[in-house]
There are 2 protein chains.
Amino acid sequence: MQVTLQAQDGGARALSLKLAHSEVQTPVFMPVGTQGCVKALDSRDMSEILNAQIILVNTYHMYLRIGIERLKNFGGIARFAHFDRSYLSDSGGFQAFSLNKNAKVTNEGVAFKSHIDGSKHFFSPEYVLDIQYALNSDIMMVLDDLVGLPSSEERIADSIARTSDWAQKSLIYHQSQKARGLGLNNNLFAIIQGGVNEHFRTLCAKQLVDMGDFDGFAIGGLAVGETSEQMYKTISFTTPLMPVNKPRYLMGVGTPENIIESIALGVDMFDCVMPTRNARNATLFTHFGKINIKAAIFSNDQSPIDELCDCYTCQHFTRAYLCHLFRSQEMTYYRLASLHNLHYYLNLMREAREAILQGTFSAYRSSFYALREMEIPNNEY
Amino acid sequence: MQVTLQAQDGGARALSLKLAHSEVQTPVFMPVGTQGCVKALDSRDMSEILNAQIILVNTYHMYLRIGIERLKNFGGIARFAHFDRSYLSDSGGFQAFSLNKNAKVTNEGVAFKSHIDGSKHFFSPEYVLDIQYALNSDIMMVLDDLVGLPSSEERIADSIARTSDWAQKSLIYHQSQKARGLGLNNNLFAIIQGGVNEHFRTLCAKQLVDMGDFDGFAIGGLAVGETSEQMYKTISFTTPLMPVNKPRYLMGVGTPENIIESIALGVDMFDCVMPTRNARNATLFTHFGKINIKAAIFSNDQSPIDELCDCYTCQHFTRAYLCHLFRSQEMTYYRLASLHNLHYYLNLMREAREAILQGTFSAYRSSFYALREMEIPNNEY
């Protein structure tokens with residue numbers, strides 16, 4: 001991966017990442033394409049209508065639904081789903097835990113049963129890379145050991161020890177593949193764990209950065225039960241520990257406000273199911289805050305979702321029509337709402353990037369909160 | 001409505017219908033937009049991707065979901081759904097019956113309870129026109145009294161007597177509206193009932209045609225339990241009773257084979273939920289017959305649904321990907337499958353029309369069956 005730091009504005013950064021399938025401009029939001037598609041949308045929606053550059057795909061789901069051999073036969077996820085840009089694949093560890101009550105972690109990896117048919121499986125650091133090679137994603141994530149918050153110091157210490165050990169194993173395995181001429185287009189990111197504890201985050205970050213050869217670093221284990229304040233504080237003491245010349249990815253975050261604050265703190269990449277999941281639950285994002293489109297107040301409202309939005313849905317359909325479709329349980333609603341919410345997130349990133357390039361990110365952040373009639377958070381942590 | 005008979009080839013006809021919102025070329029298939037959208041699709045899909053000229057909207061659903069006053073405020077269904085072409089609205093009678101076990105027919109109309117909230121409603125011939133004026137559909141259907149098949153002669157005799165009486169009332173009401181300068185853009189079609197009985201069909205057709213001022217005529221009450229042979233025979237003795245200078249609409253039919261045979265027998269217009277409903281149940285139409293996309297045989301098949309198809313779905317996605325999406329219960333599947341099946345139906349009509357204009361419909365019909373490896377039905381009834 002070729003990384004160019006195009007601009008820095010306070011803590012906020014604008015990078016260009018040259019990947020095998022596309023060039024990704026940061027700050028970037030990655031829509032979540034769980035099982036090989038972003039829910040309710042197809043790859044043409046992603047490229048032609050939304051102009052998304054990179055999609056996150058869940059390794060766990062693609063492994064159970066398709067498997068390594070078939071993924072290889074299909075030529076990877078991008079060819080299978082006919083999306084000719086980039087994918088980042090997660091490690092599968094999070095789903096192996098969250099979809100299986102009885103998943104077991106050992107020092108070797110994670111044993112779990114399929115949520116589909118109950119069959120037994122085992123994810124080791126090396127095996128999740130094998131799946132990701134088959135996916136042929138532009139960015140692969142190492143297997144990590146994540147903890148919910150709040151958590152005991154002992155459990156967090158265990159988590160970062162195992163996370164570092166697995167990261168080391170992943171790196172060795174990836175380097176051995178590359179030595180054989182394989183996986184040359186598949187970049188590998190490490191994941192910093194450590195809860196909201198500065199000591200543990202620092203320890204974990206140093207260990208991973210000292211390994212040297214990761215293509216990027218992620219902050220994992222946030223937005224798992226802590227307050228926004230705790231999250232921002234953790235990000236603020238973690239990003240300075242991450243190399244300036246490599247992308248920084250905050251996993252699974254978050255609200256538009258979370259993202260704006262994290263950009264200010266030096267994060268480059270984001271993913272979250274929030275825009276698509278909220279869309280399906282009738283919550284739509286606007287420049288002025290969220291609205292609940294199923295509310296009676298919208299049933300006769302012939303304006304678009306957001307007067308400042310130029311998305312496919314806002315160009316063609318009214319709040320009244322969307323309210324009707326939602327209440328009538330029409331599938332059509334889900335695509336239109338998902339297109340709008342994803343456009344909102346992707347556009348937020350494009351606007352933030354433009355502001356960083358212009359050196360006006362602070363003013364952009366102020367106007368972001370002013371339109372919402374919210375106070376700007378104090379980000380002196 | 002201005003009707004131009006552009007070509008006749010055997011019994012098959014090619015008309016041009018100049019309507020308020022668009023010009024419709026026949027033979028035409030009307031996708032069913034039940035509750036203000038064709039299931040899983042939006043109006044841009046219908047116009048830009050599928051190039052559909054006219055959609056059927058269910059008066060029953062729009063009445064219960066939106067109501068007359070709100071439909072008027074929205075400026076009718078075309079503006080509400082942002083589809084700038086034509087709609088045909090049904091009378092609502094069929095749903096009032098089929099969605100309510102205890103619906104009651106009297107000589108005045110149909111009393112029924114809402115399937116949504118149990119509230120009581122009454123459809124008279126005049127009231128269903130009031131709803132359709134509010135929908136501002138280009139073509140409105142009269143309320144009729146339909147019977148399932150097989151049915152007693154007595155019940156069929158009742159049905160055609162009531163159907164004729166309601167048609168007369170509808171016509172008088174519509175003419176009184178037009179005399180006041182209202183409903184000038186809303187064409188009114190009558191519906192011929194009579195089961196599969198030539199005597200009753202003839203009687204009903206004569207009564208309705210003698211009323212003189214309908215803009216078109218429909219054949220109702222078929223595809224309700226009779227054999228294909230019975231259906232074709234009924235169409236074959238009914239179309240000669242219908243005016244040559246007005247469009248002929250076969251309601252709720254049917255399979256591609258049904259449609260090709262009915263075109264040969266002089267039918268111009270069709271609607272059916274089959275392409276969209278079958279799509280949702282994994283049945284996809286091809287030039288070579290139907291396939292069940294969830295079958296294991298397709299899970300590794302990297303060809304498109306139909307090698308001869310140039311639809312959105314076939315251009316971009318494989319059978320293997322669609323099989324995966326269906327099995328993974330992804331909503332994305334439903335739009336892609338619905339787009340394909342509707343394209344198949346709409347393209348069938350465009351091909352049939354082209355053949356009629358060229359005077360080669362008989363050869364087209366032969367090749368239609370040859371590709372399916374089916375024998376051509378004997379249509380000498």
For this session: Quickly run through segment A:258-304 and pick out the residues that are touching a strand residue (DSSP E or B) at 6+ places or on another chain (Cβ under 6 Å) and either hydroxyl-bearing (Ser, Thr, Tyr) or modelled with pLDDT under 95 (or both).
Result: A:Ser262, A:Thr283
Exercise. Would you say A:Cys272 is buried (at least 20 other Cβ atoms within 10 Å of the Cβ) and within 13 Å of chain B (Cβ to nearest Cβ)?
Worked result: no
For this session: Check whether at least one residue in segment A:56-64 is under 14 Å from A:Gln132 (Cα atoms), assigned to a strand (DSSP E or B) and of a type in the set (Val, Ile, Thr), and report yes or no.
Result: yes
For this session: Provide a single number: the residues in segment B:188-204 that are closer than 22 Å to B:Val128 by Cα and not small (Gly, Ala, Ser).
Result: 6
Problem set entry | For B:Ala205: the one exception among (1) assigned to a helix (DSSP H, G or I); (2) in contact with a strand residue (DSSP E or B) (Cβ under 6 Å, 6 or more places away or on another chain); (3) of a type outside the set (Asp, Glu); (4) within 21 Å of B:Ile54 (Cα to Cα) | (4)
Exercise. Is there a residue being under 22 Å from A:Pro275 (Cα atoms), touching a residue at least 12 places away in the same chain (Cβ under 8 Å) and touching a His at 6+ places or on another chain (Cβ under 8 Å) anywhere in segment A:21-34?
Worked result: yes
Problem set entry | So A:Lys206, is it within 22 Å of A:Ser22 (Cβ to Cβ), assigned by the TED database to the domain that holds A:Thr34 and out of contact with any Lys or Arg (no Cβ under 7 Å at 6 or more places or on another chain) | no
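This table checks each residue for (1) more than 23 Å from A:Gln25 (Cα to Cα); (2) within 14 Å of chain B (Cβ to nearest Cβ); (3) of a type in the set (Ser, Thr, Tyr); (4) not in a helix (DSSP H, G or I).
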{"site": "A:Pro240", "(1), (2), (3), (4)": "no, no, no, no"}
{"site": "A:Gly254", "(1), (2), (3), (4)": "no, no, no, yes"}
{"site": "A:Lys294", "(1), (2), (3), (4)": "yes, yes, no, yes"}
{"site": "A:Cys309", "(1), (2), (3), (4)": "no, no, no, yes"}
{"site": "A:Gln315", "(1), (2), (3), (4)": "yes, yes, no, no"}
{"site": "A:Tyr321", "(1), (2), (3), (4)": "yes, yes, yes, no"}
{"site": "A:His324", "(1), (2), (3), (4)": "yes, yes, no, no"}
{"site": "A:Arg335", "(1), (2), (3), (4)": "yes, yes, no, no"}
Problem set entry | Pairs where the first residue, in segment A:262-274, is free of Cβ contacts under 8 Å to residues at least 60 places away in the same chain and the second is of a type in the set (A, V, I, L, M) and assigned to a strand (DSSP E or B), C-beta under 9 Å, 6+ apart | A:Ser262/A:Ile219; A:Ser262/A:Leu250
Seminar exercise, completed: Picked from segment B:294-316 (must be more than 16 Å from A:His82 (Cβ to Cβ) and of a type in the set (A, V, I, L, M)), the residue surrounded by the fewest Cβ atoms within 10 Å (Cβ to Cβ) is B:Ala296
Seminar exercise, completed: Checked segment B:44-54 for anything touching a His at 6+ places or on another chain (Cβ under 9 Å) and either under 15 Å from A:Asp42 (Cα atoms) or within 7 Å of chain A (Cβ to nearest Cβ) (or both); matches are B:Arg44, B:Ile49
Exercise. Does A:Met46 count as of a type in the set (A, V, I, L, M), under 19 Å from B:Ser328 (Cβ atoms) and surrounded by 23 or more Cβ atoms within 10 Å (Cβ to Cβ)?
Worked result: yes
For this session: Would you mind stating whether B:Gln329 is free of Cβ contacts under 8 Å to residues at least 12 places away in the same chain and either part of a loop (DSSP other than H, G, I, E, B) or facing chain A (nearest Cβ under 9 Å) (or both)?
Result: yes
Exercise. Take the residues of segment B:120-167 that are in a loop (DSSP other than H, G, I, E, B) and polar (S, T, N, Q): which is farthest from B:Ala78 (Cα to Cα)?
Worked result: B:Ser152
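Each row is one residue, and each column tells you yes or no for (1) without any contact (Cβ under 8 Å) to a residue 24 or more places away in the chain; (2) surrounded by fewer than 18 Cβ atoms within 10 Å (Cβ to Cβ); (3) within 27 Å of A:Phe270 (Cα to Cα).
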site	(1), (2), (3)
A:Asn73	yes, yes, no
A:Phe80	no, no, yes
A:Gly92	no, no, yes
A:Gly109	no, no, yes
A:Phe122	yes, yes, no
A:Leu143	no, no, yes
A:Pro150	no, yes, yes
A:Ala167	no, no, yes
A:His174	no, no, yes
Exercise. Applying the selection to segment B:71-109, what residues are in a loop (DSSP other than H, G, I, E, B) and of a type in the set (Ser, Thr, Tyr)?
Worked result: B:Ser91
Exercise. When you look at A:Asn245, is it without any contact (Cβ under 8 Å) to a residue 40 or more places away in the chain and in the same structural domain as A:Asn58 (by the TED database), yes or no?
Worked result: no
For this session: Taking the residues in segment A:32-42 that are out of contact with any Pro (no Cβ under 7 Å at 6 or more places or on another chain) and more than 7 Å from chain B (Cβ to nearest Cβ) as candidates, determine which candidate is farthest from A:His61 (Cα to Cα).
Result: A:Val32
Exercise. Checking A:Ser367 against (1) more than 10 Å from every other protein chain (Cβ to nearest Cβ); (2) more than 30 Å from A:Leu5 (Cβ to Cβ), which single condition isn't satisfied?
Worked result: (2)
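The values are calculated or read from the model by the stated rules, or taken from the named source; none is laboratory data. Given the structure is predicted, the values throughout are model-derived calculations rather than measurements. Positions of Cβ are generated from backbone atoms using ideal geometry, with glycine treated the same way; all protein chains shown enter the neighbour counts.
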